[in-house]
Amino acid sequence: PSVRKSKQFICTISDDRGDEAHYCGYPISSVATPDTGFTIGDVMSILWFKKRYPRWAVDFLETVLKTVADHGPAVSGAHNAKVTARAGKDVISSLISGLLTIGPRFGGAIDDAAKYFKYASDNGMSPNDFLNHMKKEGIPIPGIGHRIKSLKNPDLRVEGLKKFAKANFPSTPLLDYALTVEQLTTSKKENLILNVDGTIGILMVDMWRSLGYKDEEIDVFINAGALNAFFILGRSIGFIGHILDEKRLAMPMYRHPMDDILYDVKLAENL
Ligand code: ACO
Ligand code: LMR
């Protein structure tokens, strides 16, 4: 009997044996330069999802990346990246410190928005049922709410993504459902808009369904965190920009002004 050495790793996306490495069957030279017709979105679609997507879907992936690339210096991640750079740390450390803030409140609500809105719409929940369901879950609805954006100060990134989807997607049933939920949440509080995370998560589900993916396949992506990865990748562009900005400006170490801290310290009790 032939004795095969068991393998410790499996790789189904790229192959570096031979003269030139391949991305999912495509030699790098056949995707890297503009004349190949491959864009960065095509490379993402083959390395992340192992399929070549039609142009409208690739354009959507790129639209998402460009949309989330930066949102100014004040947001959690850019702030962390800037403070770390000013503490004298290198690009990778500063970038990681920014990325670590991406999570359920900031930039990392995309997978959960897809998960909960999909669940609600698949189960025929009315917006009111959905709100009650989320109350029972005990968490804010992922993909709803913004610190500074509201009905009066709409998030134009969200408007842009919705406009792109309406013009280019075959259909957008989950977005249409999410907009009915947004009507209810904004009637309670005007900053409870469908935010950029929510819009991306919901539109990714609409994109995948239009591309013929089965629900079980979409759930695998969501459970793997594939949707937050769009924010992680896109916002890394902005974080690196902020870090380079700090280095270029040779900014000194940051120390938070003490008059902006409420010190409320009591003598520790003896037990
Ligand atoms: N669902 C239900 N109620 C909400 C939600 C929500 N998603 N967000 C806020 N509220 C309610 C709160 O319960 C609170 O109600 P109360 O006044 O009766 O106690 C009120 O609105 C204010 O809540 P805060 O947490 O103080 O709202 P804030 O404006 O600070 O929060 C945030 C903004 C963190 C985005 C919040 O809306 C949230 O957690 N949303 C869900 C997570 C999410 O989608 N994050 C991504 C944002 S986009 C991005 O980061 C790129
Ligand atoms: C972002 O994209 O960083 C935001 O929507 C969060 C914010 O507060 O601007």
I'm trying to understand the selection: among the residues of region 22-44, which are in a helix (DSSP H, G or I) and touching a helix residue (DSSP H, G or I) at 6+ places or on another chain (Cβ under 6 Å)?
30, 36, 41, 42, 44
If you take just the helices (runs of 4 or more DSSP H) that sit entirely in region 91-167, which of them hold at least 3 residues that are modelled with pLDDT of 95 or more and within 14 Å of ligand 1 (Cβ to nearest atom)?
110-122, 127-137
Of (1) surrounded by 10 or more Cβ atoms within 10 Å (Cβ to Cβ); (2) assigned to a helix (DSSP H, G or I), residue 226 fails just (2)
Candidate set: region 53-112, residues that are over 25 Å from residue 41 (Cβ atoms) and hydroxyl-bearing (Ser, Thr, Tyr); chosen: the one farthest from ligand 2 (Cβ to nearest atom)
93
Looking at 28, 40, 46, 10, which one is β-branched (Val, Ile, Thr), away from ligand 1 (no atom under 16 Å from the Cβ) and more than 25 Å from residue 237 (Cα to Cα)?
10
Taking only region 69-90 into account, find how many residues are touching a residue at least 40 places away in the same chain (Cβ under 8 Å) and either aliphatic (A, V, I, L, M) or within 13 Å of ligand 1 (Cβ to nearest atom) (or both).
9
Within region 193-218, can you find the residues that are over 19 Å from the mean Cα position of the chain (by Cα) and aliphatic (A, V, I, L, M)?
211
For region 188-221, how many residues meet the condition of being under 19 Å from residue 62 (Cα atoms), part of a helix (DSSP H, G or I) and away from ligand 1 (no atom under 12 Å from the Cβ)?
9
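The values are calculated or read from the model by the stated rules, or taken from the named source; none is laboratory data. Everything numeric here is computed off the predicted structure, so don't read it as measured data. Quick reminder, even Gly has a Cβ in these numbers, built from the backbone with ideal geometry, and neighbours come from all protein chains shown.
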